[in-house]
1. Which ³J(HN,Hα) values, rounded to whole Hz and listed in residue order, are derived for the stretch 21-34 from phi using the Karplus coefficients 6.51, -1.76 and 1.60 in 6.51 cos²θ - 1.76 cosθ + 1.60 with θ = phi - 60°, glycine and proline given as x?
2. Applying the Karplus parametrisation 6.51 cos²θ - 1.76 cosθ + 1.60 with θ = phi - 60° to the phi angles of the stretch 7-12, what ³J(HN,Hα) value in whole Hz is obtained for each residue in order, glycine and proline being reported as x?
3. Want the number for HIS9 to ARG25: 0.36 nm per residue separation, take away the alpha-carbon distance, what's left?
4. Between TYR16 and ARG42, what FRET efficiency follows from the Cβ-Cβ distance if R0 is 22 Å, with the result rounded to 0.05?
5. Under a point spin-label approximation (7 Å from Cα along Cα-to-Cβ), what is the SER49-HIS33 distance to one decimal in nm?
Amino acid sequence: MIQLPGDQHITYQLQYRKCGKPTCRTCREGQGHGPYWYAYWRDGSRLRSGYIGKGSSEMGTSSEMSIILQAAAAR
Ligand SMILES: [Zn+2]
């Protein structure tokens, strides 16, 4: 689990990632693996990002993600 800052505005994004393996069919024929949830926030002047978990393109948010969002909102 990544440490999300409690005093920063955090943006959540669903993204696909390529594993980089030349033999990987998923990356060659599609947009990559995923979707996975990533969090983005500012740390001073730097933009930081962290992997949160696997998403679901059908539901929009996975149950795991809902828990994380609730926890972030409760802070
Ligand atoms: Zn791949």
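Each reported figure results from applying straightforward, stated rules to the coordinates on display, with no laboratory input. Fair warning: this is a prediction, and the values are worked out from it, not measured in the lab. So basically every Cβ, Gly included, is an ideal-geometry build from the backbone, and we count neighbours across all protein chains shown.
1. 6, x, 8, 6, 6, 4, 7, 6, 9, x, 8, x, 8, x
2. 10, 10, 7, 10, 9, 10
3. Answer, rounded to one decimal: 2.1 nm.
4. Using R0 = 22 Å, I get an efficiency of 0.40.
5. 1.6 nm
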